[in-house]
Amino acid sequence: GPLMVLMGALLLLFAIRQGYAYATAEKDLIKQYEFMFRLFENARRRLDGANNAEEQRLILRALGGSALDEHAEWILMHRDRTIDKGEIWRMGS
């Protein structure tokens, strides 16, 4: 009856919303990877042009801080997501 139709519609809306949330998160993740790639490229160029070990240490310290910040953002973004068995297998390869 009407209750079954309503329940089905609510489930469908929930599934669409979840799919959208995951798709949006993946787009954000791709942007973050691209940003970090540019950051590491820039650090490599600056390291190659550094005049001394102290300058290299400063560059690496800044790069390390940025990497830790990015990792913290990744954890916050993924803490509520469950990992399915397929993802676990892909991590190991």
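The values are calculated or read from the model by the stated rules, or taken from the named source; none is laboratory data. This is a predicted model, so every value here is computed, not measured. With ideal geometry, Cβ positions are generated from the backbone for all residues, glycine too; neighbour counts draw on all protein chains shown.
Couple of notes before you dig in:
- Candidates are the residues of region 23-42 that are touching a residue at least 40 places away in the same chain (Cβ under 8 Å) and not hydrophobic (A, V, I, L, M, F, W, C); the one that is farthest from HIS71 (Cα to Cα) is ASP28.
- So ALA53, is it surrounded by 13 or more Cβ atoms within 10 Å (Cβ to Cβ), out of contact with any helix residue (DSSP H, G or I) (no Cβ under 6 Å at 6 or more places or on another chain) and of a type outside the set (Ser, Thr, Tyr): no
- A Cβ distance below 6 Å, combined with a sequence gap of six or more or placement on separate chains, defines the contacts here; from region 4-21, residues that are of a type in the set (D, E, K, R) reach no residue that is assigned to a helix (DSSP H, G or I).
- Residues in region 7-63 that are among the charged types (D, E, K, R), modelled with pLDDT under 90 and farther than 15 Å from GLU73 by Cβ: ARG17 alone.
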